[in-house]
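The values are calculated or read from the model by the stated rules, or taken from the named source; none is laboratory data. Here the structure is a predicted model, which is why all the values come from computation and not from measurement. Counting neighbours? That spans all protein chains shown, and the Cβs are built from the backbone with ideal geometry, glycine included. Side chains included, ligands, DNA and RNA excluded: accessible areas come from the protein's heavy atoms. Shrake-Rupley method; radii C 1.70, N 1.55, O 1.52, S 1.80 Å.
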Amino acid sequence: MFAYILVLVFALIIYLVFSAKYAHWKNRNVPYEKPTFFFGSIRKVLTMHSNMSDICNDLYRKYEKYRYVGFFNMWTPAIVVRDPEIMKEVLIKQFKSYRNWIQVPHNVDGALSLNPFVLHNEEWKQVRSNLSSQFTSAKVKKMLPNMLLIGSKMIKYVKDQLKGSSDAMNVSDLTKRFTGEVVFNCGYGLDARSFIDKQPYPLKIADQICSNSMMVQIKQTIGVIFPNIANIMKYTFVGDPIESDFKGTLLAVLRCREDETITTNNFLEKINGLRSKGVPYFTTDDQLICHAYTFFMDGVETSALAFAYALFELARNPHVQEKAKHEIECVVQRHNDEITYEAFQEMQYVESIILETLRLYPVISLIGRVCLEDVTLPSPNFGADGESVTISKGTQLFMPLIAFSEDATNFSDPTVFNPDRFQNSAQSLHFMGFGDGPKTCLGKSFALAQIKIGLIAILSNFTVELAKDMAIPLKAENLHIFHSPESDILLNFVDRL
Ligand code: HEM
């Protein structure tokens, strides 16, 4: 009897605690998505029927009358921001109050432990500023000749493939070979044989990082929702085998460079230079490997997806493809048939194609922040004067980029692929494909450069067309850390020469 009463009292306490927690937004007069007991608003994420990005995009679409809407990430109060002005406040103007991303279990995850995405406060500042100096426009300019060379290798590879078969080209595979080779070359000074081997090494690592095996998915879901539990369970976000295998390769490169004093002007070598100056967070082998891993993890799959989506949209929109080819031909002619850095910079339309692609297919589709102190937001009602709202420390804020891009109040004819909107238009100010503010994408110049070189190489040699069985529109993969298509993108490459 006593045990029975004890259980009842315990259940009542739990019920009251959760009820109090779930009254959070109601007490503040903020519109909110009604939570289910214990799971809050994210039950579908926990049962792997959805992901956090889809949940936030759906809330963005559903609460179209409001600047922001409340929900519960389990029992933590969270907000989906809809108003671009509030987004700018969060990402730029009030950065100090919201400077951290949502936590992931980086304490045990060697591969992630120094990635600026997950670092906080002083540690973030130090690492970010030293890494940023490796991705300036001047540094990217020096990488251009190597990127061009890899572009030529890609063209030879495609031509060889076309000789042997009339099948459509798997663009998802091709673009990953390209960005994997570029990152191995510019990052570590290595030739990864991406256009020779059947399953090149960078592709193997990228596939492991983005694996959608059930176990990896479970670990990643626990990692994002319960970072503290993941830390206790020693769950790594991306898996040990990759780490140790990859680590061995990179250590060998470091040792080789030290022994033979070969200089190849790559990222690993530059950060090794920071070690000799005793720069904090750049002093041990493990730290250097971590930074090299950041380059790979953030740089290969993201850019490959954007590159593949861009080719897909070019195949769907032949008039855009023709305009891009025309720009490339005119600029190259003006520069004596050479793609110099100046020529590369002049190709603004090709760059707009990449931005427009990322508007429609933001490969990192959710930006998140945590409130580091109590802050005040304007009334949730658009236009109305209503009362401002105090948002407590610890509240999570999410900015879902897919629904944001589909919203006609931000972009005219939002579903139309129109790179011209990035040519001197006010709409470009709403673009957030690389984030914004002090935590904006650190590799943006590098990413744009490699995708642009890839596009220039392909458009100079081929016309791309949709393959017969290519399903349109593309369906997104549900359980992938990046916004990626459910099935491979297949295109026909028609030789122009
Ligand atoms: C098309 C390719 C890419 C896209 C779409 C992309 C997008 C993004 C986005 C949306 C963010 C979050 C910004 C925020 O929270 O405000 C980010 C952060 C970051 N990106 Fe990229 N990225 C790309 C390529 C790269 C590359 C090549 C690197 C190479 C180093 C890189 C390194 C990073 C890092 C380190 C951060 C974290 C920055 C910080 O928190 O301080 N990214 N990226």
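Residue 223 passes all but one of (1) surrounded by fewer than 21 Cβ atoms within 10 Å (Cβ to Cβ); (2) modelled with pLDDT under 90; which number fails?
(1)
Looking at the structure I just gave you, is residue 472 part of a loop (DSSP other than H, G, I, E, B) and of a type in the set (Val, Ile, Thr)?
Yes.
Taking region 14-31 as the search range and keeping residues that are without any contact (Cβ under 8 Å) to a residue 40 or more places away in the chain and under 22 Å from residue 376 (Cβ atoms), which one is least open to solvent (accessible area, probe 1.4 Å)?
Step by step, filter region 14-31, then rank; the result is 23.
Name the one entry in 139, 176, 156 that is modelled with pLDDT of 95 or more and within 16 Å of the ligand (Cβ to nearest atom).
Only one candidate passes the filter, namely 176.
Return only the number of the condition from (1) surrounded by 14 or more Cβ atoms within 10 Å (Cβ to Cβ); (2) over 25 Å from residue 441 (Cα atoms); (3) among the small types (Gly, Ala, Ser) that residue 278 does not satisfy.
(1)
How about region 319-374: which of its residues are of a type in the set (Lys, Arg) and within 30 Å of residue 389 (Cα to Cα)?
Passing the criteria: only 369.
Any chance you could count how many residues in region 281-294 are in contact (Cβ under 8 Å) with a residue 24 or more places away in the chain and open to solvent by 30 Å² or more (accessible area, probe 1.4 Å)?
Counting residues in region 281-294 that are in contact (Cβ under 8 Å) with a residue 24 or more places away in the chain and open to solvent by 30 Å² or more (accessible area, probe 1.4 Å) gives 4.
Taking region 441-471 as the search range and keeping residues that are more than 14 Å from residue 314 (Cβ to Cβ) and away from the ligand (no atom under 15 Å from the Cβ), which one is surrounded by the most Cβ atoms within 10 Å (Cβ to Cβ)?
Filtering region 441-471 for residues that are more than 14 Å from residue 314 (Cβ to Cβ) and away from the ligand (no atom under 15 Å from the Cβ), the one surrounded by the most Cβ atoms within 10 Å (Cβ to Cβ) comes out as 471.
Read through the list (1) under 30 Å from residue 248 (Cβ atoms); (2) acidic (Asp, Glu); (3) surrounded by fewer than 22 Cβ atoms within 10 Å (Cβ to Cβ), then give the number of the only condition that residue 167 fails.
Going through (1) under 30 Å from residue 248 (Cβ atoms); (2) acidic (Asp, Glu); (3) surrounded by fewer than 22 Cβ atoms within 10 Å (Cβ to Cβ) one by one, residue 167 breaks only (1).
Quick test for you: out of 370, 389, pick the one residue that is within 16 Å of the ligand (Cβ to nearest atom), surrounded by fewer than 20 Cβ atoms within 10 Å (Cβ to Cβ) and in contact (Cβ under 8 Å) with a residue 40 or more places away in the chain.
370
Within region 297-319, work out how many residues are surrounded by fewer than 22 Cβ atoms within 10 Å (Cβ to Cβ) and farther than 16 Å from residue 179 by Cβ.
5
Go through region 96-105 and give me each residue that's in a loop (DSSP other than H, G, I, E, B) and among the polar types (S, T, N, Q).
103, the sole residue that qualifies.
Would you mind stating whether residue 390 is part of a loop (DSSP other than H, G, I, E, B) and of a type in the set (Val, Ile, Thr)?
no
Search region 44-78 for residues being more than 24 Å from the chain's Cα centre (by Cα) and of a type in the set (Lys, Arg), and hand back the single one that is nearest to residue 219 (Cα to Cα).
62
Identify the single condition in (1) modelled with pLDDT under 95; (2) within 16 Å of the ligand (Cβ to nearest atom); (3) on the phi < 0 side of the Ramachandran plot that residue 166 does not satisfy, given that it satisfies every other one.
(2)
Being open to solvent by 10 Å² or more (accessible area, probe 1.4 Å), modelled with pLDDT under 95 and farther than 24 Å from residue 459 by Cα: is that true of residue 134 here?
Yes; evaluated as a whole, the condition is true for this residue.
Of the numbered conditions (1) within 21 Å of residue 417 (Cα to Cα); (2) in a loop (DSSP other than H, G, I, E, B), residue 447 satisfies every one except a single condition; which is it?
(2)
For residues in region 474-491 being among the charged types (D, E, K, R) and under 22 Å from residue 464 (Cα atoms), which is surrounded by the most Cβ atoms within 10 Å (Cβ to Cβ)?
488
Is there any pair linking a residue in region 117-135 that is closer than 16 Å to residue 270 by Cβ and touching a residue at least 24 places away in the same chain (Cβ under 8 Å) to one that is within 10 Å of the ligand (Cβ to nearest atom) and assigned to a helix (DSSP H, G or I), with Cβ under 7 Å and at least six apart or on different chains, and which?
Close Cβ pairs satisfying both conditions: 131/291; 134/267; 135/445; 135/446.
Please work out which one of (1) within 16 Å of the ligand (Cβ to nearest atom); (2) farther than 24 Å from residue 175 by Cβ; (3) at pLDDT 95 or above is the condition residue 414 fails and give its number.
Among (1) within 16 Å of the ligand (Cβ to nearest atom); (2) farther than 24 Å from residue 175 by Cβ; (3) at pLDDT 95 or above, residue 414 violates only (1).
Scan 353, 402 and give me the residue that is touching a helix residue (DSSP H, G or I) at 6+ places or on another chain (Cβ under 7 Å), open to solvent by less than 20 Å² (accessible area, probe 1.4 Å) and either within 16 Å of the ligand (Cβ to nearest atom) or under 25 Å from residue 227 (Cα atoms) (or both).
353
Go through region 416-430 and give me each residue that's open to solvent by 30 Å² or more (accessible area, probe 1.4 Å) and touching a residue at least 40 places away in the same chain (Cβ under 8 Å).
Passing the criteria: 418, 420, 423, 428, 430.
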